[in-house]
Amino acid sequence: MADCIDCNAIIPYCTVMGSITIRQLDDALKHRLRLRAARHGRSMEDEARTILRNAAGEETTPAARQPAAAPERQSPRPIEITDHGKRVLLIIGGGIAAYKSLDLIRRLKQRGVAVRCVLTGAARQFITTLSAGALSGERVFTDLFDADTEFDVGHIRLARETDLILVAPATADLMAKMATGAADDLASAILLATERPVLIAPAMNPRMWSHAATRRNLATLLEDGVIVVGPNEGEMAEPGEAGLGRMAEPLEIIEAALTFLSAHSGKLLAGKSMLVTSGPTREPIDPVRYIANRSSGKQGHAIAAAAAEAGAEVTLVCGPVALPDPPGVNTIKVETAEEMLAAVNRSLPVDVGVFAAAVADWRVERAGANKMKKQAGRPPRLALTENPDILATVAHRMRGRPRLVIGFAAETERIAEHAKAKLARKGSDWIVANDVSQSTGVMGGDSNTVHLITRDGVESWPPQSKRDVARALVRRIAEALAETGG
Ligand SMILES: Cc1cc2nc3c(=O)[nH]c(=O)nc-3n(C[C@H](O)[C@H](O)[C@H](O)COP(=O)(O)O)c2cc1C
């Protein structure tokens, strides 16, 4: 557990205690456990259990590492977006080396990569979906003709919602299917349907590897752009068998995967243009007073930064915020809703518009040219007038409408219901709804819990940092653009 500073501190406590009681831990340790649990979205007890399970797993055989439970059919949720924000779809084929893929899952997760697993029918003869599910923390997919899978995610979405497809072990059979374009099970259908890069780690008996058919299939796959790691030379599982055919070690596979992912990161939106609005607006009452709101601009700025990181040409139109301009972004600073609309119009056309600013609904009808004087007992009555609706204006443009118009909804009650109504009212393509009730700390805070409302339905994303929300949104945007013709 070299990468887990907390475990080393917690385990000795646990091993001397007959039963684990969080209360018995000292305050400093409790504090660290609380932080770690919060980071992973678990209770402190669950976090302690996870640490123990992981630590025990280090010393036991793969077979002994079977988890207590992994829900086969839990409700779909977006795959976890991590600090690195990378996602791997791991297809596990039916070979002896499948047990090593469990280690692969664990190690990828340790490196901040989100892993979703597909097991072939043959793979399930070697390892269980329970193991893969518990280690990946995700539902495991196995069947092409699974009503739930088709309804919830579908093999097409599995094929798309990833940065890389890793096939390990890649059996001779899977290689043959890939080379010939067969699609008679979930794994091969995904491999045929994907446009994502594919990395395979072949593993088989040396005679299978050197067979002319496998040679031909390998040549075809290399020509198709498939990346290959291994196999290595060494002893086979079968007694007395040795040669070229051992699956590359998990660390080698991880190195190949991460090298590929980092070389291709940040290019999801290359060649695309994006406009983001962020922060509050300030509507003057007189030269010194104004109406504003509590928006910090953190979410909008994070989206602009994530889009720029992903290679988009980004214009950020922002109201007054106490944040630095995101690097690599053309930032235009405005004060009022009317100024914001004018700056937005000047920035069109773009491929994508994300309207995250908290634009004041009203402004003072006649703002004073001079500071209003206080008159004892006679507070002024402010007549308000409606501000332009920037999201609706852009969404309803006949010419120059972005291909994808995304609005934000700040709600304090019946979040998804109000956001759905907003989607219809404003004419936007998506609404990102967040709960900004004071208790959530979203306004001004660093984390957010959002619901993505599209015409297909509502996705509730897990609580995460605003930066991770931004990265997840950028991914979804890239996928949507790819689906509608790049
Ligand atoms: C004990 C045992 C071990 C096997 N090991 C391998 C292997 O390492 N590599 C391989 O290509 N096939 C191996 N096979 C054969 C595959 O399991 C078989 O070709 C299967 O159809 C592959 O299915 P899949 O490609 O859908 O996973 C093995 C079969 C058995 C019974």
Quiz item: To the nearest 20 debye, what charge dipole does segment 292-397 have about its Cα centre, counting +1 at the Cβ of each Lys and Arg and -1 at the Cβ of each Asp and Glu?
Solution: 840 debye
Quiz prompt | Dipole magnitude of segment 169-287 about its Cα centre (Cβ charges: Lys, Arg +1; Asp, Glu -1), debye to nearest 20 | solution = 360 debye
Quiz prompt | Backbone N within segment 286-315 under 18 Å of label point (7 Å from Ala270 Cα along the Cβ vector) | solution = 306-314
Self-check item: Cα lying deepest toward the dipole's positive end in segment 72-263, options Leu135, Ala193, Ala237, charges on Cβ
Solution: Leu135
Quiz item: In whole percent, what relative contact order does segment 72-263 give with Cα contacts below 8 Å and a gap of six or more residues?
Solution: 21 percent
Self-check item: Student exercise, segment 72-263 dipole from Lys, Arg, Asp, Glu Cβ charges, in Debye to nearest 20
Solution: 240 debye
Practice problem: State, to one decimal in nm, how far the label point of Gln110 lies from the label point of Arg366, with both points 7 Å from Cα in the Cβ direction. | Solution: 7.2 nm
Quiz prompt | Per-peptide average of other Cβ atoms within 10 Å, ordering 284-297, 208-221 highest first | solution = 284-297, 208-221
Practice problem: Ratio to report: Rg/Rh of segment 254-367, with Cα atoms as the point set and Rh obtained by the Kirkwood method; give two decimals. | Solution: 1.11
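Values in this text are rule-based calculations from the coordinates and carry no lab data. Small disclaimer: the values here were computed from a predicted structure and weren't measured. A quick note on method: Cβ atoms are made from the backbone with ideal geometry, for glycine too, and the neighbour counts reach across all protein chains shown.
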